[in-house]
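The values are calculated or read from the model by the stated rules, or taken from the named source; none is laboratory data. Quick caveat, the model's predicted, so the values are computed rather than measured. Cβ coordinates were reconstructed from backbone atoms using ideal geometry, including for glycine residues, and neighbour counts include every protein chain displayed. Note: areas computed on protein heavy atoms with side chains; ligands, DNA, RNA excluded. Shrake-Rupley method; radii C 1.70, N 1.55, O 1.52, S 1.80 Å.
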Amino acid sequence: MSMAMARWWAVGLAALVLAGPAGAEEGVTDTEIRIGQWGPQTGPAAPWGAVARGAGVLFQLINDEGGIHGRKIRYQMFDDGYNPAKTKAGVKELQEGPGGIFAWVSGVGTAPGLAVRDYLRERKVPWVGPASGSHHWVSPPEKNLFALYPLYRYEAAALVRYLVGTGGKKRVAIAYLNDDYGKDGVAGAAAELARHGLKLVAEVPVEKGDSDLKPHVLQLKKAEPDAVLLWVTPTHAVGLVGTGKAMGLAPQWASTSSCSDLVLMHKISKGLWEGVIVANFTELPDADTPLMKKYRAAFEKYAAKDERWGVFFYAGMGFAEPLVEGLRRAGRNLTRQALVAELEKLRDFKGVLGRVSYQPFDPTDPLSRQGQREVFLTRCLADGKAERLTDWLTVE
């Protein structure tokens, strides 16, 4: 064999090894499945970063149990700091890097998700369980995007229905992050209040970089609310409650499930989160179900020593469960098409979140790609524990 031919053979063999078995999908080899995720490990949204770490523990557990049809999950996660520009750059780098990514799982935040939605759609890469309840994931629905998190509009409607119907509140205001996440909360609250013949008495936008919240609280005080919804980051939510107390604002505070990790919220607020009502999309931390026991054991075995067991952490496991189930059902001959087909067959799938169901893709039906549609409400107690106020609620 000539030297030129030898060099050609070496290059060709290297390319085959890098690409995996002949005919294999991007991100799949004989021994692994590459799954990607982003999540804020730094910045104001860092408390949500536990979602990505929780998914990593679930994948470690699965790999130690033998993987999926002989393949281990190779999990690649990066810190985007809740910065959409960093999200887009990181996703592109991993997707177009050596081996590529077979599918993306979870991914925290509406704005970061919107930054990569079109890119993933164009490349026909499955994205399962965005860690965001944005209506953008299902309006219109997309073939390869499987929303999981209950819509923020569902949560806002459920909270308003309880505050008005059970709590007798008449003057509801909202402080919201000035992006699509926060605006979804406003839309859901306004729509439900209209059904009761009421309107929001104040809509106070909060920018991601805002640290002095006195002006925001002053706007709320002027409206004289008896209840205030918080559709912001955990850091902003704690700041608003604390500043409100200092400035004499004492409504019934209520918040999205994005602030439902009550132990964390109680701790970082130094107890001021007591009494706040939140929406919940997952089992409570001390739930005694077999699956929660298994996940707590995995947490003890695999999580970093300074990690904390809490809603955001095991929600990351829950967001990844439908993907794992779809991979198992798709079989050894794994393709993206097979994964999508199996996800479409999920009916009342129950992990640590609420029930999850999908339908065959229908571009006119958002529910064909909205997996979970139920939440329940709790109130934070003095020790950070939860007082359950309702059963699971389905809000259309």
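Semi-axes of the equivalent ellipsoid of segment 139-231: what are they in whole Å, largest first, if each equals the square root of 5 times a C-alpha gyration tensor eigenvalue?
24, 19, 9
Carbon-plus-sulfur fraction of the accessible area of the chain, 1.4 Å probe, in percent?
Exposed carbon and sulfur together represent 54 percent of the surface.
With a ≥ b ≥ c the root eigenvalues of the C-alpha gyration tensor of segment 247-396, is it rounded (a/c under 1.5), prolate (a/b larger than b/c) or oblate?
In terms of gyration-tensor shape, oblate.
Using the heavy atoms of the protein chains and a 1.4 angstrom probe, tell me the accessible area per residue for the chain in square angstrom.
Computed with neighbouring chains in place, this is 41 Å² per residue.
Among 231-241, 335-345, how do they line up by average Cβ neighbours within 10 Å per residue, starting with the highest?
With the highest mean Cβ count within 10 Å placed first, the list reads 231-241, 335-345.
Could you work out how far apart the two model spin labels at Gln359 and Glu65 are, taking each label as a point 7 Å from the Cα in the direction of the beta carbon, and quote it in nm?
For the pair Gln359/Glu65, the computed spacing is 3.1 nm.
How far apart, in nanometres, would the label points at Lys294 and Ala246 be if each is projected 7 angstrom from Cα along the Cα-to-Cβ direction?
A separation of 4.7 nm, rounded to one decimal place.
So how do 349-355, 145-151 stack up, highest first, on mean other-Cβ count within 10 Å?
Highest-to-lowest ranking by the protection proxy: 145-151, 349-355.
Once the Cβ-Cβ distance between Thr390 and Glu96 is put in as r, and R0 is 51 Å, what FRET efficiency do you end up with, to the nearest 0.05?
0.65
For Lys92, give me every one of the aspartates and glutamates with a C-alpha distance below 19 angstrom, ignoring sequence neighbours fewer than eight places off in its own chain.
Glu25, Glu26, Asp79, Asp80, Asp118, Glu122
First measure r as the distance between the Cβ atoms of Asp212 and Lys170, then evaluate 1/(1 + (r/R0)^6) with R0 = 35 Å and state the FRET efficiency to the nearest 0.05.
Efficiency computed from Cβ-Cβ geometry: 0.70.
Just the number, please: Stokes-Einstein D of segment 330-396 in µm²/s, Kirkwood Rh from C-alpha pairs, 4 °C, 1.567 mPa s.
Translational D for this selection: 90 µm²/s.
In the P(r) worked out for segment 88-245, what percent of Cα pairs fall beyond 26 Å?
I get 37 percent for the Cα pairs in segment 88-245 exceeding 26 Å.
Longer than 20 Å from Cα to Cα, which of Lys199/Lys222; Lys245/Lys270; Lys124/Lys183; Lys88/Lys124; Lys170/Lys199; Lys169/Lys222 are they? Say none if no pair is.
Lys124/Lys183
Which value at 222 nm does the chain reach when only helices count, each DSSP H run of 4 or more adding -39,500 (n - 2.57), with the total divided by all residues and rounded to the nearest 500 deg cm²/dmol?
Computed ellipticity for the chain at 222 nm equals -13000 deg cm²/dmol.
Please list, by residue number, everything in segment 92-110 whose backbone N is under 17 Å from a paramagnetic label point 7 Å out along Cα→Cβ of Glu122.
92-97, 101
In percent, how large is the relative contact order of the chain, given Cα pairs closer than 8 Å and 6 or more residues apart?
Relative contact order of the chain: 18 percent.
Quickly rank 361-369, 173-181, 202-210 as a protection proxy: mean count of other C-beta atoms within 10 Å, highest first.
Taking the mean over residues of other Cβ atoms within 10 Å, the ranking is 173-181, 202-210, 361-369.
Hey, got the dipole for segment 82-129? About the Cα centre, +1 on K and R Cβ, -1 on D and E Cβ, debye to the nearest 20?
Its charge dipole is roughly 80 debye.
If you average the C-alpha positions of segment 321-396 and of segment 118-161 separately, how far apart do those two centres end up, in angstrom?
11
Please report the orientation-averaged projected area of the chain, defined via the convex hull of its C-alpha atoms, in nm².
Spelled out: convex hull of the Cα atoms, projected over all directions, averaged, 20.8 nm².
With Cβ to Cβ distances under 12 Å as the rule, what net charge do the other residues near Asp180 carry (K, R +1; D, E -1)?
With Lys, Arg at +1 and Asp, Glu at -1, the net is +1.
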